[in-house]
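Before I ask anything, here is the structure I am working with.
The values are calculated or read from the model by the stated rules, or taken from the named source; none is laboratory data. From a predicted model like this one, the values you see are computed outputs, not experimental measurements. Please note: Cβ atoms are built from the backbone with ideal geometry, for glycine as well, and neighbour counts cover all protein chains shown. Ligands, DNA and RNA are excluded from the accessible area calculation, which covers all protein heavy atoms including side chains. Shrake-Rupley method; radii C 1.70, N 1.55, O 1.52, S 1.80 Å.
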Amino acid sequence: MKGMSIIQKTGLLLVLSLIALSGFAQTVHTEGKDTTESQATKYNRFFLEAMMQREKGDGAAAFELFRHCIDIDSTRAEAYFFLSQCYDDLKENKLSLSYMEKATKLEPTNQTFIETLAGAYINNRQYADAIKAIEKVLEMDKERDDLIQILIQLHEEEGELEKAISCIHRLEELNGKSERLSYFKANLYIRSGNKDAAIEEMKQLAERYPNDLYYRCFYGDMLANCNELDKSMAIFQEILQEDSVNERAMLSMRNVYTLQDKQELADSITKHLLFMPSTSDEIRCSMMVDMIRKYESDSDSCQIPLLIQQVLPLCPENTEMYLICATYYQRYEFPRDTIKPLIQEALRLSPDNTAARLNLIAYAWEENNMHEVINLCHEARQYVPDNISFYYYEGVAYYRDNEDDKALATLQLGADLINEETDRTTVANIYEIMGELYHKKGMFAQSYAAYDSCLQIKPEDSSCLNNYAYYLCIDGSDNLDKAEKMSRKSIELDAKNPNNLDTYAWILFSQGKYAEARIYIEQALQCDSTESSLLFEHAGDIFFKCNLVEQAVEYWKKSAEKADSADNKTLFRKIKKRKYYAK
């Protein structure tokens, strides 16, 4: 029967409680006898209360009660044990360790105490002490293979490779030999400089399974690692005589040829594996990457498109191969019509492949094909419903297609998925667009809350600062001072942006600071390349307030020339009356 692993605390409370409470059945007093509570009974009463408080989750109360138990009787080990746990919870490693040592000293045969002490030593990187503690447990229970495995790791950490090997022998005596143990032991032999023992270990493994070519490959690999290249090659050739399509043996031969600087022979195996019908998809992809690298290093990249045409028909259901070929074409800027079909095929085979889908979304975005972006994102949400990126891109695509309700609904679904691990930039962008959409719907409170959320994440977001400030200004808000500060910060971040300059000018105008407003609107006009109708109208309003009526009218006329100003009755009234009117 196997014992409990090191540091395993599950179930310990019940076991130790029973140990501690084993004397509780004793009567405290009987008729006609001394009723004074004995030390043992008093200790047990406080220990039971401590355990109850610990069970309730009141660690502080339990801690004080355990300490009181020690004051009552300093020879009882279990109180020290639990105090050690309390100090461990408080990250007081040294105190935790000292109390655990005390508990073990008081009960030197308690396996649970010794194992927990070993765990504490490991946590403190006192590996030599941990080894001694584990060996004590193994003296009492020699069949604890879990502890022997920990010993192997500890001896490795201490650089005691021979002792680690000895522990593997102990495991083999308990459970018999295995591939994993043999391979591990052989590597330890290599690291300790005993190549002959390593080779012999793998030879025995191969002989133990004479009909399994896989183990013979292991033996050949070990010979190659020990620079016995000719012997190694002989084994691989022997394997291939029995199984001419053995991928494992071919890969090993390829490695030996590389070690022998016989690159042409190594490349011939690479090509053979690449075109061999039975080659697994994983190996074929690996060989394809190697061949691409080879042609690139040989400055013979014109061979790669031909290679792609030859290889793809051999693995029509291999998603990874399509992506490898697409990545190569992208790196060398091949026409999009060459790349997109490969990515589309990869996505058809693996519709949950996020990388392939994001590639296609990027292409659709560059082509301004919002309908395709929406379809790709909507389908993605069926396969990877927790990926917030697809909600973001779909929402923005709806926004750009002027489908505001669908955009807001999609972004709200994305916002519901936000957690601590969500990409902060994506989160900020979602909130910024939601702020814009809420404002268009007249939901000002929700708009401002969304902008605030964006700025909490990206306080240096110039676009968000500008839009938020402008809306505060035009909404007739009492927060013009707040708007002015945000707008000024947006200019500090992006001083040549005409939108930022226009917003700041308009806030100054709203504050009655017309001369200052004129300075910034003139800068905005110099930086603007779009000849914005709104910018011209703002310029006219500001110039009028600066008593420059002729220039104001000229700017109003320029604004009116823009198509989006046709329904602006107030603007045409300004021109006709040569006077400023507020909207």
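Take the residues in segment 109-139 that are open to solvent by 80 Å² or more (accessible area, probe 1.4 Å) and either of a type in the set (Ser, Thr, Tyr) or more than 37 Å from the chain's Cα centre (by Cα) (or both); name whichever of them is nearest to Ala79 (Cα to Cα). Spell out how you get there, then give the answer.
Let us first name the residues in segment 109-139 that are open to solvent by 80 Å² or more (accessible area, probe 1.4 Å), namely 109, 123, 125, 132, 136, 139.
Retained after the next criterion (residues that are either of a type in the set (Ser, Thr, Tyr) or more than 37 Å from the chain's Cα centre (by Cα) (or both)): 109, 132, 136, 139.
On the way: Thr109: 17, Lys132: 24, Lys136: 22, Glu139: 26 Å.
My answer is Thr109.
Say whether the condition of being within 19 Å of Val137 (Cβ to Cβ), aromatic (Phe, Trp, Tyr) and touching a Phe, Trp or Tyr at 6+ places or on another chain (Cβ under 7 Å) is met by at least one residue in segment 82-92.
Within segment 82-92 (the criterion being within 19 Å of Val137 (Cβ to Cβ), aromatic (Phe, Trp, Tyr) and touching a Phe, Trp or Tyr at 6+ places or on another chain (Cβ under 7 Å)), the answer is no, since none of the residues qualifies.
Looking only at segment 66-96, count how many residues are open to solvent by 20 Å² or more (accessible area, probe 1.4 Å) and within 34 Å of the chain's Cα centre (by Cα).
8
I would also like to ask the following. Name every residue in segment 385-403 that is in contact with a helix residue (DSSP H, G or I) (Cβ under 7 Å, 6 or more places away or on another chain) and more than 17 Å from Asn369 (Cα to Cα), in order of residue number.
Taking segment 385-403 first, the residues in contact with a helix residue (DSSP H, G or I) (Cβ under 7 Å, 6 or more places away or on another chain) are 387-401.
Those that are in contact with a helix residue (DSSP H, G or I) (Cβ under 7 Å, 6 or more places away or on another chain) and more than 17 Å from Asn369 (Cα to Cα): Asn387, Ile388, Ser389.
For segment 464-485, name all the residues that are surrounded by fewer than 18 Cβ atoms within 10 Å (Cβ to Cβ) and either in a helix (DSSP H, G or I) or of a type in the set (A, V, I, L, M, F, W, C) (or both). Steps first, answer last, please.
So the first thing to find is which residues in segment 464-485 are surrounded by fewer than 18 Cβ atoms within 10 Å (Cβ to Cβ), and the list is 474-482, 485.
If the condition is that a residue be surrounded by fewer than 18 Cβ atoms within 10 Å (Cβ to Cβ) and either in a helix (DSSP H, G or I) or of a type in the set (A, V, I, L, M, F, W, C) (or both), then Ile474, Leu480, Asp481, Lys482, Lys485 are the ones that fit.
Report yes if Tyr398 is open to solvent by 50 Å² or more (accessible area, probe 1.4 Å) and assigned to a helix (DSSP H, G or I), otherwise no.
No, not satisfied.
Looking at segment 433-462, which of the residues that are of a type in the set (A, V, I, L, M) and open to solvent by 40 Å² or more (accessible area, probe 1.4 Å) is nearest to Arg381 (Cα to Cα)?
If we filter segment 433-462 for residues that are of a type in the set (A, V, I, L, M), which is where we start, we get 433-434, 437, 443, 445, 449-450, 455, 457.
After this cut, where a residue has to be open to solvent by 40 Å² or more (accessible area, probe 1.4 Å) as well, the list is 443, 445, 449, 457.
Values: Met443: 28, Ala445: 30, Ala449: 27, Ile457: 25 Å.
Taking the candidates together, the pick is Ile457.
Looking only at segment 421-432, count how many residues are crowded, with 21+ Cβ neighbours inside 10 Å and either of a type in the set (A, V, I, L, M, F, W, C) or not in a helix (DSSP H, G or I) (or both). Give the steps one after another, and end with the answer.
First, the residues of segment 421-432 that are crowded, with 21+ Cβ neighbours inside 10 Å: 427, 429-432.
Those left that are additionally either of a type in the set (A, V, I, L, M, F, W, C) or not in a helix (DSSP H, G or I) (or both): 427, 430.
The number of residues fulfilling the criteria is 2.
Can you tell me which residue is nearest to Tyr504 (Cα to Cα) among those in segment 524-551 that are buried (at least 19 other Cβ atoms within 10 Å of the Cβ) and of a type in the set (Gly, Ala, Ser)?
The qualifying residue nearest to Tyr504 (Cα to Cα) is Ala524.
If you check Ser286, Ser301, which single one turns out to be of a type in the set (Ser, Thr, Tyr) and in contact (Cβ under 8 Å) with a residue 24 or more places away in the chain? Walk me through how you get there before you give the answer.
On the way: Ser286 fails: in contact (Cβ under 8 Å) with a residue 24 or more places away in the chain.
Residue meeting the stated conditions: Ser301.
Does Ser252 count as in a helix (DSSP H, G or I), open to solvent by less than 70 Å² (accessible area, probe 1.4 Å) and closer than 30 Å to Tyr332 by Cβ?
Numbers: in a helix (DSSP H, G or I): yes; open to solvent by less than 70 Å² (accessible area, probe 1.4 Å): yes; closer than 30 Å to Tyr332 by Cβ: no.
So Ser252 fails the test.
Mind checking whether some residue in segment 125-140 is of a type in the set (S, T, N, Q) and under 29 Å from Ala164 (Cβ atoms)?
Quick first cut of segment 125-140, residues of a type in the set (S, T, N, Q) only: 126.
Imposing the further condition that a residue be under 29 Å from Ala164 (Cβ atoms) reduces the set to 126.
There is at least one residue in segment 125-140 that is of a type in the set (S, T, N, Q) and under 29 Å from Ala164 (Cβ atoms).
Looking only at residues that are open to solvent by 40 Å² or more (accessible area, probe 1.4 Å) and among the polar types (S, T, N, Q) in segment 355-389, which one is nearest to Pro305 (Cα to Cα)?
From segment 355-389, those open to solvent by 40 Å² or more (accessible area, probe 1.4 Å) are 355, 358-359, 362, 365-369, 371-372, 375, 378-379, 381-383, 385-387; that's our starting set.
Okay, now just the ones that are also among the polar types (S, T, N, Q), so 359, 368-369, 375, 382, 387.
Values: Asn359: 20, Asn368: 29, Asn369: 29, Asn375: 31, Gln382: 35, Asn387: 34 Å.
Selected residue: Asn359.
Here is a list of conditions, (1) surrounded by fewer than 15 Cβ atoms within 10 Å (Cβ to Cβ); (2) charged (D, E, K, R); (3) more than 19 Å from Tyr470 (Cα to Cα), and Glu554 meets all of them except one; can you say which number that is?
The one condition Glu554 does not meet is (1).
Next question, about the same structure. Any residue in segment 509-524 that is among the acidic types (Asp, Glu) sitting within a Cβ distance under 6 Å of a residue that is at pLDDT 95 or above and in a helix (DSSP H, G or I)? List the pairs, counting only those 6 or more apart or interchain.
Close Cβ pairs satisfying both conditions: Glu516/Leu508.
Oh, and also: Among the residues of segment 263-300, write down those that are exposed (fewer than 13 other Cβ atoms within 10 Å of the Cβ) and farther than 21 Å from Asn246 by Cα.
Passing the criteria: Arg293, Ser297, Asp298, Ser299, Asp300.
Just to be sure, is Glu296 at pLDDT 95 or above and in a helix (DSSP H, G or I)? Give the derivation first.
Details: at pLDDT 95 or above: no; in a helix (DSSP H, G or I): yes.
Answer is no for this residue.
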